[in-house]
Every structure is written in structure tokens, then in C-alpha cells.
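Everything below concerns the one structure shown next.
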Amino acid sequence: MWLFLLVTALLTLFPLVMTVSGSFKTGAEMMTGGSLLPAKLQFANYAEAWKQANFARYTWNSAFVSIMVTAGTLLVASMAAYVADRRDFPGKSLYVTVQASMMFISVGAIVLRPQFDLMVALHLNTTLWGVILILISAHSSTFFMLQGFFKAIPRELDEAAMVDGSGFIRTFFRIILPLLTPGLGVAGLFAFRHSWNEYILPLVFTMTSPKLQTLTVGLANLRYGSSAAMQIHLMMAGACLSILPMLLAYILANKTFIQVTAGSVKG
Amino acid sequence: MNIKRKRFGENSLFLLPSIVLTLALGIYPLLWMLRYMFYDYAGYGEALFIGLDNFRRLARDSMFWESVGNTFIYAGGKLLLTLPISLLLAVILNGRLRGSNLLRGIYFMPTVISTAVISVVFYNIFNSYNGMVNTLLLKLHLISQPVDWLGPKYAMLTVILVAVWGAVGNYMLLFLAGLQSIPQDLYESAAIDGANAGKRFWHITLPMLAPVAQMVIMLAIIASLKGYESIMVITEGGPIGKTEVMYLYLYKLLFPVSTGSPVTQQLGYGSAVGFATALIVGGITGLYFFLSRKMNKVY
């Protein structure tokens, strides 16, 4: 039993160890493959990846997209979830049904094409806002997650605030939303992870404008470079740059991550 | 009346962003596809209505049907490896075990890492002439010659292994959640009655886990039929189409891809392929749902 656990753990860690150690090797060392640990730590790889392979730019783009998507998703989904939880409105069940089916209906790449064309029509294809809007539009899972959190906040609280003369919007932003902080944190973590790791969407949008590439796209594109074989050490350094922030967030929030994911199946 | 109107205004204000985004970027693309699957439309120039011609072409498209076959091999291989491993891990970690939190953390880690990025890493790891897997196996004298992991013979196996690496932790966690809802006293009374670990697994764990497992397996089926991101990065569907899966083929029809691909961009036909692909995935999911419900009744 312990052997199985150990072997599985080692196999899980193997590519990560290889990435980290590879990121410190010289190009020549990578070419001959072999050794687990680098002969000498080449910190220069990171500097080179950061500057020469443009990872500074990619990191900024990734951060911009992820932060905007996280903020946007939380705002759009929390407002909608609040109304859907507290109020009745015509077409409510239709709205909720559509949101639910949005989680399951997916024709993969096919929806990307009309989405892309729409962004071209709005002149948003030359910025990252196209990617951001599309990612925000996929907010149905956040919607349902937040609705669950809203249910836990007693309605009497809203009513009391309203009686005291606080308007609807004010009550939401000043009283209810602050109480939702833990829920927003968890939902935000998921939205951030999703947008940080997204590959196909930014790939499609940055085909003609390399300046807008995110980390995932920029890194995968290094593979097609003419001297890709010579640059494996740079690729590994780049991979570390793109994995580490997420990994760090994960290690810090490990408990929350695991609990929430585990909870999501219990419905 | 006034209050009603005010409430309506407030509700609309809060719902509007969500509704607009869903309509524009969720519903409209679907309608777009339903329309263009009856058109001959390359993506530029004029769109020509051609009725059902795209579906006739689809029926004869050997590349599409090969990709369907590949999808089944890929999804089947992934499920056959992922589900038992993740269930086993979940069952072991469900017991009181030292270091189980650390292990959970390790196994779940791949799910927070970008598929595309880790696929770049795997591409280098499985590289045939200087990849780390080959070097390691050569050093251990397990093989005498480098294995061409990304060649026609093993490419499918390689992409399946990468997919399993990324998925095990996720399903382990879902199984674990299911296991934790099984009342502990069931095990205790069974142990008193003299049931050993194997018997307890077959007669308590499996039946009690069945409802959760039914859902987890369905999620796993959908995810494995739909996954193409890592294949796109590692092999681009090659060599000679050996790892071309449905969604990757679909992608190639809708967006210009690197030279050397035999698939040319065709939005009208792509829409028809997208529709067929969605039907196939939906059909399999529905079939699984139907069969697993029937099995539940038999028990």
C-alpha cells in the first residue's frame, strides 16, 4: 500500500521536479538529457527567459487577464446570484435553467469562432478585452456557487437594512457583499485559476498579435521556434515562471481548495 | 405599483450584465453554428446555402471518423487508468493514515497547473532523442534503444499518460468526498461481524459509493471526450493523424493551423462537424446515464 502511494506521489512530482531542475541547467546539459540535478545552478536562464523570450510581457498579460476576469466574474455573478436568490422576476426559472445548461452545453472550439467574429465586429480583437469578456461570460458555475453562499446569509439582514433606509444597491454592496467575503474568495480562486491556465482562447486571439500573448500561449509557441531544441532550458525556466504563482497560491490555500472541490460533488 | 416598478428596475440592473453576456457569448454562438452548418462558408467571402451537403460530406469524411475512433481510444484509455487509480487512492487516503493530508495535496496538485504548460514540459520529457524518460530508461538498462514516444506507435499512449497524470487527483478528491459521506459505524459493525478489508470494500464501500461514482464517472466521460488541449500542444494530432481527436479536428476546421496539417479551414463544414461532435458526446453521456440507472435498479 505504501509502495503504491509512494510510486504515485513520485510519478506526480516527477515532471515538476524535472521542470524546476531543467530550468537551472545549461542548454547543453538539457541536450544530453540525463542527470537529475543541474551541475551548476544557471540563474541566468530566468533572466534570459524574462528578457529575451519576452516572459515579462507574457506574465503581465496573464496577470491582467486573470485579475480582470476574476473581478468581472465575481461582480457579474454575485449581482445576478443575489437577485436570483432574494427576488422573483418574470422568466426567473428560464434564466436559471439557461445558466445551468451553460455549464454542460459545450461544442468546444465551435463557439470560439462566432465569439471571435463578434469581438472583431466590436473592435475588441486587438486587445485582451475580447478574451476577458468571453471568459467572464462563462460565469454560470460561479453563479451557482455564490447562490449557495447567499442562501446562508439570513434574509432578515437585508430587510433590516432596507427598513433603516438603505437602498437596494447600497444594501448589496455595503452589507451583504462584505459578509460574502469567504465565498467570494473561494469563487475568485477558481476563476483566477481558470483564466490563468486558459490556453485555447488567448491562442486564438493572439494569432496575429504576439504582443498580447499570455504565459500559456507564449510558452507553447516557444516549441515552434526554429531553434526550439536549443532552448529547452529557457522553456523550462518559462514553465516555472508560469506554474509557480499558481502553485504558490495552491499551497497557501490548499485546505480551501480541497474542501471546496470535495464539497462540490455532494449536491 | 411604484414599488413594483422600482423592484423591476433594480432586478434588471443586477441581471443585465449576466443576461447580455450569456446571450451574446453563449446563446448567439450556438445559433450561429445551427445556421452555418447548412452553408458553404470558408470563413471569408460569401456564404452559400447548400442544404444538407455538409452532412453528406461528413458521412464520407474518413478523417472525421478516424478522429471519432481516436477519441474513443483516448477517452477509454484515460478512463480505464484514471478511475481505478483515483478510487484506490481515495479509499486508502480515507482511512486514518499519517501524512494523508500531504499526499492529498501532492496528488491534487496537477489540477491547479495549466494543461498547456505542463504539456510543453511533457513534450520535452518524452522527446525521443534527449527526453528524460528515455535517458532514465537507458540508464536503468530497461531499454537498449531510445523509444520514439511521440512516433506513430506510442504517441497515443503518451498523450493518454499525460491526461491520466492531470486527472487522477481531481477524481481522487471527488471519490474521497463521496467516501466521507458513508457512515463510519457501518464499517465498525461489519468489522465486528468479522468482515475483512476486501469484503468491507465490496459489500459496503462500493454499493454506498455508487450514486456518487455514477456522477463522477459521467463527469469523467464528458471531460475525456472533450479534452484536446494537451494533445494539441504535444502532438498536434500527429504523427499521421494517430492522435487526432474530434475536438482537435473541429478546431483545425475553424482556425488556421500551422502548415503541414491536411485539414483546411471551412467554417460551414466545421459547424456541421461541431454539431455532429456535440451529438456524439451528448449521445454517449445519455447512454451512460440510461445504463447506469438501469444497473442501479438491478442492485
At most 16 other Cβ within 10 Å, DSSP loop - chymotrypsin sites (Phe, Trp or Tyr not before Pro), region B:32-93: B:44
Which far-off residues, 5 or more places away or on another chain, put their amide H under 5 Å from the one on residue B:40, with H placed in the peptide plane? B:48, B:49, B:50
For a test of the definition: using alpha carbon positions, the gyration tensor, and the 1.5 limit on a/c, classify region B:150-299 as rounded, prolate or oblate. prolate
Filtering chymotrypsin sites (Phe, Trp or Tyr not before Pro) in region A:137-236 by DSSP loop and by at most 15 other Cβ atoms within 10 Å leaves A:224
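Largest first, how would B:40, B:185, B:61, A:88 line up by accessible area (1.4 Å probe)? Before the final figure, lay out the partial values.
Working: B:40 65, B:185 95, B:61 20, A:88 130 Å².
From most accessible down to least: A:88, B:185, B:40, B:61.
With a ≥ b ≥ c the root eigenvalues of the C-alpha gyration tensor of chain B, is it rounded (a/c under 1.5), prolate (a/b larger than b/c) or oblate?
oblate
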With every protein chain in place, what's the accessible area of residue B:87 (1.4 Å probe, Å², nearest 10)? 30 Å²
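Largest first, what is the accessible-area ranking of B:154, B:288, B:228 with a 1.4 Å probe?
On the way: B:154 80, B:288 45, B:228 25 Å².
Greatest to least solvent exposure: B:154, B:288, B:228.
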Once Rh for region A:120-267 is found with the Kirkwood sum over Cα pairs, what is the Stokes-Einstein diffusion coefficient at 25 °C and 0.890 mPa s, in µm²/s? 132 µm²/s
Two decimals is fine: what's Rg over Rh for region A:59-125, C-alpha atoms, Kirkwood radius as Rh? 1.06
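So if R0 is 35 Å, what FRET efficiency would residue B:293 and residue A:224 give, r being the distance between their Cβ atoms, rounded to the nearest 0.05? Please list the in-between numbers first.
Working: r = 47 Å, r/R0 = 1.34.
Between residue B:293 and residue A:224 the formula returns 0.15.
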Length-normalised contact order for region A:36-173 - Cα pairs under 8 Å, 6+ apart - percent: 36 percent
If each part is reduced to its alpha-carbon centroid, region B:1-62 and region B:225-289 end up apart, in Å, by 21 Å
Ratio of alpha-carbon Rg to the 2.2 N^0.38 Å globular estimate for chain A, to two decimals, please. 1.22
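What does the accessible area per residue of the protein assembly as shown come to in Å², with a 1.4 Å probe and no ligands, DNA or RNA counted? Write down the numbers at each step before the final one.
Details: 26890 Å² over 566 residues.
So the protein assembly as shown comes to 48 Å² accessible per residue, rounded to a whole number.
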All-pairs Cα distance distribution in region B:148-234, expressed in whole percent, bin size 10 Å: 15, 33, 24, 18, 9, 1
Both in Å, the radius of gyration and Dmax of the C-alpha trace of the protein assembly as shown are 25.1, 85
Going by alpha carbons, how many degrees (0 to 90, nearest 10) lie between the helix axis of A:109-121 and the longest principal axis of chain A? 80 degrees
With θ set to phi - 60° and the Karplus curve 6.51 cos²θ - 1.76 cosθ + 1.60, what are the ³J(HN,Hα) couplings of region B:153-170 in order, to the nearest whole Hz, using x for Gly and Pro? 6, 10, 4, 4, 4, 4, 5, 5, 4, 4, 5, 5, 4, x, 9, 3, x, 4
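Can you tell me what the convex hull of the Cα atoms of region B:60-179 projects to on average, as an area in nm²?
9.9 nm²
Out of region A:1-85, which trypsin sites (Lys or Arg not before Pro) are coil in DSSP terms and have no more than 11 other C-beta atoms within 10 Å? Show your work: numbers first, answer last.
Working: sites: A:25, A:40, A:51, A:57; in loops: A:25, A:40.
Within region A:1-85, the qualifying trypsin sites (Lys or Arg not before Pro) (loop, at most 11 other Cβ atoms within 10 Å) are A:40.
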Counting Lys +1, Arg +1, Asp -1, Glu -1, what net charge surrounds residue A:157 among other residues with beta carbon under 12 Å of its beta carbon? -1
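How big is the B/A interface in buried accessible area, both sides summed, 1.4 Å probe, to the nearest 100 Å²? Could you put the intermediate results ahead of the total?
Values: alone 18550 and 15880 Å², together 26890 Å².
That pair of chains buries around 7500 Å² in total.
The values are calculated or read from the model by the stated rules, or taken from the named source; none is laboratory data. Given the structure is predicted, the values throughout are model-derived calculations rather than measurements. A quick note on method: Cβ atoms are made from the backbone with ideal geometry, for glycine too, and the neighbour counts reach across all protein chains shown. All accessible areas refer to the heavy atoms of the entire protein, side chains included, with ligands and DNA or RNA removed. Shrake-Rupley method; radii C 1.70, N 1.55, O 1.52, S 1.80 Å.
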